[in-house]
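Visitor: There's a structure below that I have some questions on.
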Amino acid sequence: MSARITIGTASVKGQRADDIPNKPEQAATRPCGKSGKQVANQNRGGVGKNSANYWTGRIFKAKNDRGEESPNYCMRIAFKGRRMAFGLGTSNQGAAAARAANIYNDLLTLGIEGTLAKHRAPLDKPEAVATVGEWITAAAGVAEASKASFNSYCVCLRKIAGDILAMKKSAKRFGPKKGGAADYRASVDSASLEIFTLSAIQKWRLDYVARAKNPAQERSKKTTCNSMIRMARSLFAPKIVKFLPELLLPAPLPFAGVEFFPRQSAKYFSRIDPKSLLQAAQTDLAQADPPAFLVMLLALSAGLRRGEIDSLCWHQVDPSRELIRIESTESASLKTSDSRGEVAIDPQVSVILQGFRARATGRFVIEADGSDGGPKKWGQHYRADAVFARLTAWLRAHGVTARKPLHELRKELGALVTAEHGIYAASRVLRHSTVSTTAAHYSDLKTRPVVNVGAWITPENVTVGSFGAESSPASEPATRKKSA
């Protein structure tokens, strides 16, 4: 006789009470169709983290900031409160899942540090950030800049570093023969590049300009400060950094995000009389110091730069076509590729150059008096430096007060050409890379924009007394009449 067991309102025939699964009762169904009481999960099966099946749907291909997907899978895992990621080194999903399972097993047996050492390749980067000297030495081997430009970059970097470190400075550091310059440079070169933080550079900028003694000097220091930062920053340009992966740089890179002072106006204002100056030079220098006179003639009539004059050879001068060719020679290179060109000269200057050429004994236009210009300087070495020094002294004695009197002659030519032929002609004569460079220095005014307001009054009746300085006889009667 079979037993009948009643469960609730239902009955099951042929089963014992302990054979019936203990399944909890469902509560009344809610309006949304879901049960009001949770039911325990009856699925006792599944896989653990030590199985490849567990990781098949959990591994992924990472993407970089540009949205580019990695070709290989990787995994993330949290173990004992520490989150980690591992590259799995394969694009095959099954193989990647198996490696992920192996990594989890290693975490259980080797621990975190042992697993990291086993599955992560050691970094080849050094622990210490490169020093100023280490970076300059390494950059010198990969930089494409000219030697003169690269030396200027290094000078600016060391100058900023020395100021940030507040290194004690004395006149001894300018004595290369006594080792002062080498000692000072070695002290700067031993400093880590980590000193170039954004806050340190900002403080240096403000302190550098704060040392100005007047508004004119402050304007000059702002321009110089911007230029120094740009040159120093050039040593950390991408075209240099990418070739030096073995050196560790600070993050962010030195000078990244640095502020600049507003661009100061570079408009040229003529303060000399070029005609009178050239006539005075003919009287004082043409016979007494022919090389100095020839330097001035080339600067004022052709607008040549100091380096271009220094390396100019006679084969570059074409009197028959009345022009001078500026090009790279065996003696020197050009400042930029845009500096290459032909510069026209007037017929009278061409005749003078023919006379100098007839008496020349060497291939250079400027004879250096048998000297090499003295000891080599940082950045730029001029063959005829002694000649430039004599002409500079003469120009200063004749009222040329600019910081670079010889370059002032080139600027004067630019102003004369702009006034007579326009800004585009001046750009070609000066061989600027763009017309905007010329426009930043010269105003394209062929005629003076003046309204003849002075004709509205009678100049002879306007006296100093009208402005309150002193009375004139013409104004005295009106003054007395008013007083009376």
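The values are calculated or read from the model by the stated rules, or taken from the named source; none is laboratory data. This one's a predicted model, so the numbers in the text were calculated from it and none came from an experiment. Here the Cβ is made from the backbone with ideal geometry for all residues, glycine too, and neighbour counts use every protein chain on show. To get the accessible areas, we keep the full protein, side chains included, count just its heavy atoms, and leave off ligands, DNA and RNA. Shrake-Rupley method; radii C 1.70, N 1.55, O 1.52, S 1.80 Å.
Visitor: Restricting attention to region 129-140, and to residues there that are open to solvent by less than 70 Å² (accessible area, probe 1.4 Å) and either over 13 Å from PHE236 (Cα atoms) or hydroxyl-bearing (Ser, Thr, Tyr) (or both), which single residue is modelled with the lowest pLDDT?
Guide: Ranking the qualifying residues of region 129-140, first place goes to VAL129.
Visitor: Out of the helices (runs of 4 or more DSSP H) lying entirely within region 188-273, which hold 3 or more residues that are under 30 Å from HIS407 (Cα atoms) and either modelled with pLDDT of 90 or more or open to solvent by 70 Å² or more (accessible area, probe 1.4 Å) (or both)?
Guide: Working: elements: 198-210, 215-233, 238-241.
Passing ranges, in order: 198-210, 215-233.
Visitor: Pull up region 411-461, narrow it to residues that are under 18 Å from VAL343 (Cβ atoms) and aromatic (Phe, Trp, Tyr), then point me to the one that is modelled with the lowest pLDDT.
Guide: Ranking the candidates gives TYR442 first.
Visitor: Then there is this: Name the pairs: first residue in region 84-104 and under 12 Å from GLY57 (Cα atoms) and free of Cβ contacts under 8 Å to residues at least 60 places away in the same chain, second residue open to solvent by less than 10 Å² (accessible area, probe 1.4 Å) and in a strand (DSSP E or B), Cβ to Cβ under 8 Å, at least 6 apart or on different chains?
Guide: Taking only residues 6 or more apart or on different chains, the pairs are ALA96/MET75; ALA100/MET75; ALA100/PHE86.
Visitor: Further, regarding this structure: Does at least one position in region 342-363 carry a residue that is assigned to a helix (DSSP H, G or I), touching a Phe, Trp or Tyr at 6+ places or on another chain (Cβ under 8 Å) and of a type in the set (S, T, N, Q)?
Guide: Filtering region 342-363 down to residues assigned to a helix (DSSP H, G or I) leaves 347-359.
Filter once more, so that each one left must be touching a Phe, Trp or Tyr at 6+ places or on another chain (Cβ under 8 Å): 357.
From what's left, of a type in the set (S, T, N, Q): none.
So far as region 342-363 goes, no, none of its residues is assigned to a helix (DSSP H, G or I), touching a Phe, Trp or Tyr at 6+ places or on another chain (Cβ under 8 Å) and of a type in the set (S, T, N, Q).
Visitor: Yes or no: LEU278 free of Cβ contacts under 8 Å to residues at least 24 places away in the same chain and either assigned to a helix (DSSP H, G or I) or in contact with a helix residue (DSSP H, G or I) (Cβ under 7 Å, 6 or more places away or on another chain) (or both)? Give the steps one after another, and end with the answer.
Guide: Values: free of Cβ contacts under 8 Å to residues at least 24 places away in the same chain: yes; either assigned to a helix (DSSP H, G or I) or in contact with a helix residue (DSSP H, G or I) (Cβ under 7 Å, 6 or more places away or on another chain) (or both): yes.
Considered against the rule, which asks whether it is free of Cβ contacts under 8 Å to residues at least 24 places away in the same chain and either assigned to a helix (DSSP H, G or I) or in contact with a helix residue (DSSP H, G or I) (Cβ under 7 Å, 6 or more places away or on another chain) (or both), LEU278 comes out as yes.
Conditions tested, residue by residue: (1) in contact with a helix residue (DSSP H, G or I) (Cβ under 7 Å, 6 or more places away or on another chain); (2) closer than 16 Å to MET228 by Cα; (3) of a type in the set (Phe, Trp, Tyr).
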position: GLU113; (1), (2), (3): no, no, no
position: ALA121; (1), (2), (3): no, no, no
position: GLU134; (1), (2), (3): no, no, no
position: THR137; (1), (2), (3): no, no, no
position: ALA148; (1), (2), (3): no, yes, no
position: VAL155; (1), (2), (3): no, yes, no
position: ILE164; (1), (2), (3): yes, yes, no
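Visitor: Taking the conditions exactly as written (farther than 28 Å from ARG271 by Cα, at pLDDT below 75 and either charged (D, E, K, R) or open to solvent by 80 Å² or more (accessible area, probe 1.4 Å) (or both)), does PRO473 satisfy them or not?
Guide: On the way: farther than 28 Å from ARG271 by Cα: yes; at pLDDT below 75: yes; either charged (D, E, K, R) or open to solvent by 80 Å² or more (accessible area, probe 1.4 Å) (or both): yes.
Here the answer is yes, as PRO473 does meet what is asked.
Visitor: Every residue in region 403-423 that is under 28 Å from the mean Cα position of the chain (by Cα) and open to solvent by 20 Å² or more (accessible area, probe 1.4 Å), please.
Guide: Answer for region 403-423, where residues must be under 28 Å from the mean Cα position of the chain (by Cα) and open to solvent by 20 Å² or more (accessible area, probe 1.4 Å): ARG403, LYS404, HIS407, GLU408, LYS411.
Visitor: For region 278-318, which positions are open to solvent by less than 10 Å² (accessible area, probe 1.4 Å) and either of a type outside the set (A, V, I, L, M) or more than 17 Å from GLU367 (Cβ to Cβ) (or both)?
Guide: ALA281, ALA302, GLY303, CYS313, GLN316
Visitor: What's the number of the condition SER91 fails, among (1) open to solvent by 40 Å² or more (accessible area, probe 1.4 Å); (2) closer than 30 Å to ALA251 by Cβ; (3) in a loop (DSSP other than H, G, I, E, B)?
Guide: Single failed check for SER91: (2).
Visitor: Looking at ALA237 and the list (1) of a type in the set (Gly, Ala, Ser); (2) in contact with a Leu (Cβ under 8 Å, 6 or more places away or on another chain); (3) more than 18 Å from ALA200 (Cβ to Cβ), which single condition is not satisfied?
Guide: Of (1) of a type in the set (Gly, Ala, Ser); (2) in contact with a Leu (Cβ under 8 Å, 6 or more places away or on another chain); (3) more than 18 Å from ALA200 (Cβ to Cβ), only one is false for ALA237: (2).
Visitor: Can I ask one more? Exactly one of (1) at pLDDT below 95; (2) within 28 Å of ALA402 (Cβ to Cβ); (3) open to solvent by less than 30 Å² (accessible area, probe 1.4 Å) is unmet by LEU157. Its number?
Guide: LEU157 satisfies every listed condition except (1).
Visitor: With modelled with pLDDT of 90 or more and out of contact with any His (no Cβ under 7 Å at 6 or more places or on another chain) as the only criterion, which of ARG99, ARG120 stands out?
Guide: Working: ARG120 fails: modelled with pLDDT of 90 or more.
Sole residue among the options that is modelled with pLDDT of 90 or more and out of contact with any His (no Cβ under 7 Å at 6 or more places or on another chain): ARG99.
Visitor: On the basis of being open to solvent by less than 70 Å² (accessible area, probe 1.4 Å) and modelled with pLDDT of 85 or more, does ARG325 make the cut?
Guide: Values: open to solvent by less than 70 Å² (accessible area, probe 1.4 Å): yes; modelled with pLDDT of 85 or more: yes.
Against the criterion (open to solvent by less than 70 Å² (accessible area, probe 1.4 Å) and modelled with pLDDT of 85 or more), ARG325 qualifies.
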